[in-house]
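Structure record follows, encoded as structure tokens.
The values are calculated or read from the model by the stated rules, or taken from the named source; none is laboratory data. Please read these numbers as outputs of a predicted model, since none were measured by experiment. A quick note on method: Cβ atoms are made from the backbone with ideal geometry, for glycine too, and the neighbour counts reach across all protein chains shown. Note: accessible area is taken over every heavy atom of the protein model, side chains too, but ligands, DNA and RNA are not part of it. Shrake-Rupley method; radii C 1.70, N 1.55, O 1.52, S 1.80 Å.
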Amino acid sequence: MATGIRTESEAVGLATRSTRGEVGGWRDQPVLLRLVSIALFAGIWEIAGRIPVSFAFPTFSATFTAFIGLIADGSLPLAYVSTLQPLLLGIVLSAFLGVGLGTLCGLWRTGEWLLIPVFIVLQAAPVAAFIPMVTFVYGIGMTAKTLAVMILALPVIVLNTYKAVRNVNESLVVMCRSFLGTRWQVVTQIVLPDASPVIFAGLRLGVAAGFVGVVLAELLITPTGIGDLITFHRSRADYAEMYATIASIIALSTLTLIVLQWIEVRVFRPETRGA
Amino acid sequence: MRAAVLRKEPSSMPAPIDPIVEVRGISKSYGSTEALRGIDLDFPRGKLSSLLGPSGCGKTTLLKIIAGLIKANAGSIAVDGKVVTAPGPERAFVFQDFALMPWATALRNVAFGLELRGKARAEREEIARHYIAEVGLAGFEDKYPHQLSGGMRQRVGLARALSVDADVLLLDEPFSAVDEQNRRKFQEDLIRLRSNQNKTFIFVTHSIEEAVYISDRIVLLSPRPGRVSQIIEPEIDRSGDPDLIHRDKHYLDTVQEIWQGLKQYAE
Ligand SMILES: Nc1ncnc2c1ncn2[C@@H]1O[C@H](COP(=O)(O)OP(=O)(O)OP(=O)(O)O)[C@@H](O)[C@H]1O
Ligand SMILES: [Mg+2]
């Protein structure tokens, strides 16, 4: 059964591993490269908006102006206050719970038998369909939104952690035991650091899924926050404002993922830094 | 617990003066595969003993049983007269695949055994630095394993085993993943270490030449199920130029003698 589990992280984990350590001239300038890539994207957007692709598709410049306007009139910051609370809570809970449960399942057979099938089903299911159900049970408040985030984020975090812990480098575990490591030391000093690249791949996917969860919840059930802002501007045909809101949440999600990667390299896998 | 001393029964083996590790009646099977059968062995204190035998005869298994990493089906292991069943501070292991933590620097890897024992950071790093220098890796303390060559990685593994100050060092084919030049250099270092560290080395190898070159005592194991087939004590003077040993008549004769004994198992 275990071999039947394939999470997206497998691909992600492999990709990060194979590119790691490669050196090439232009690759040594990641900041420059990213700026060029963003500029290129903005340029294409601008052109597409001017053609125009669709009357509902604003140019980059109009969207950017709208973005400044949304910040200035306070509606965007206000929406984020309401969106970020359940998002942050849901992600932090999912991260700790997910890594904890995944580790437990990886180390303990009974836990594996009890929990892993549940998470496999959850991951395979179109869980967005559960979100209206959550509202039905928990209303439209903070709890419902937090749960929506967790339903989407938790399975991938649990499954990745579980898989990483199961595939821990056995020879390092034996080494730790031979140097008198306790069971606890084996887990904290060997298993978790060894599993951390795959765990973090899961966390990145989990965080991205969490963003999906909170926006879905706001679009589908609790008209507040960013989701509500998107709906509101769409209903008024303020397409520039709508796109600015959407782009802002995408940017925030990307930024969060970059920060997460930075933490990973910094704290857990220093050997991959600048390798 | 001194009372638990196991006395050596009279046998045809050359009698060691002062055994530090005593192997008594060890048998081990993996399912239906019988790996070891009735091993009785003494390892003399302060000497370098080699386990030599054909592939799959149970050398690694025996070493890991001595280390307390694998449970035997029958028999017992005593170290310094005390029966042991789990890893202990008096034994340290050097792994064939190095078993270094890729996320830790050479310094932290070497100090890891002491870290697990809760020794303060400054103290354990001082000890680790000493042994890093001892194995010839001074200046590489802050490198990560992937920045080191195979030979250097195994030196880190050796320094880690030395730094916990165990009396018995267990080495499982430590040079098998190392190139020939490094291997030679390493063998010379081991001879030097063994004469100035006052430790007991138990060394697994495939190579007859290597075993004769570095060992005070060679235990020949028969093919599976592994049994002790012969014990040889090459009397080679290792105080002089290491290169001369390879041309020493006694060295060459011993290599030949062992080869004659093992030849029957080849094929
Ligand atoms: N975990 C295991 N499960 C099943 N069989 C095993 C296991 N470990 C070893 N064996 C078997 O036990 C026998 C002895 O293995 P061992 O690794 O001790 O041999 P070895 O003398 O170290 O061999 P080599 O020289 O190739 O390293 C082999 O036939 C091997 O296939
Ligand atoms: Mg072996």
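So here's what we get for this one:
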{"quantity": "Estimated FRET transfer efficiency (B:TYR30, B:LYS263; beta-carbon r; R0 30 Å; 0.05)", "calculated": "0.60"}
{"quantity": "Pairs beyond 25 Å (Cα-Cα), from B:LYS185/B:LYS263; B:LYS82/B:LYS199; B:LYS28/B:LYS82", "calculated": "B:LYS185/B:LYS263"}
{"quantity": "Region A:108-121 - phi-based ³J(HN,Hα) in whole Hz, Karplus 6.51/-1.76/1.60, Gly and Pro as x", "calculated": "10, 4, 4, x, 4, 4, 6, 9, 4, x, 4, 6, 5, 5"}
{"quantity": "Cα centroid of region A:123-167 to Cα centroid of region B:188-267, whole Å", "calculated": "62 Å"}
{"quantity": "Interchain or long-range residues, amide H under 5 Å from B:GLY226's placed H", "calculated": "B:LEU36, B:ARG37"}
{"quantity": "Solvent-accessible area buried by pairing A with B, both sides, nearest 100 square angstrom, 1.4 angstrom probe", "calculated": "1900 Å²"}
{"quantity": "Among A:ILE131, A:GLY181, A:LEU220 the positive-end extreme of the charge dipole of region A:88-272 (Cβ point charges)", "calculated": "A:GLY181"}
{"quantity": "Cα-based convex hull volume of chain B per residue, rounded to whole Å³", "calculated": "142 Å³"}
{"quantity": "Solvent-accessible area, 1.4 Å probe, carbon plus sulfur percent, for region B:97-165", "calculated": "47 percent"}
{"quantity": "Delta accessible area of at least 40 Å² on complex formation, residues of region A:144-179, 1.4 Å probe, chain isolated as reference", "calculated": "A:SER171, A:LEU172, A:VAL174, A:MET175, A:ARG177, A:SER178, A:PHE179"}
{"quantity": "Cα-based reach from B:LYS249 at 18 Å (exclusive), listing aspartates and glutamates while leaving out same-chain residues under 8 positions away", "calculated": "B:GLU209, B:GLU210, B:ASP216, B:GLU233, B:GLU235, B:ASP237, B:ASP241, B:GLU257"}
{"quantity": "Where a label projected 7 Å from the Cα of B:HIS146 along Cα→Cβ would reach, residues of region A:157-198 with amide N under 16 Å", "calculated": "A:169, A:193-198"}
{"quantity": "Region B:97-165: Rg to Rh, with Rh as the Kirkwood radius over Cα pairs", "calculated": "0.92"}
{"quantity": "Label-point separation in nm, B:ARG192 to A:VAL81, each point 7 Å along Cα→Cβ", "calculated": "7.1 nm"}
{"quantity": "Portion, in percent, of the accessible area of chain A that falls on carbon or sulfur, probe 1.4 Å", "calculated": "72 percent"}
{"quantity": "Long-range amide H partners of B:ARG217 with built H, under 5 Å", "calculated": "B:LEU48, B:SER50"}
{"quantity": "Probe 1.4 Å, accessible area per residue of chain B, Å²", "calculated": "44 Å²"}
{"quantity": "Loop-located GluC sites (Glu not before Pro) in region B:151-240 whose Cβ has at most 15 other Cβ within 10 Å (DSSP)", "calculated": "B:GLU235"}
{"quantity": "Sites A:ALA237 and A:THR182 - FRET efficiency at Förster radius 51 Å, r taken between beta-carbons, to 0.05", "calculated": "0.20"}
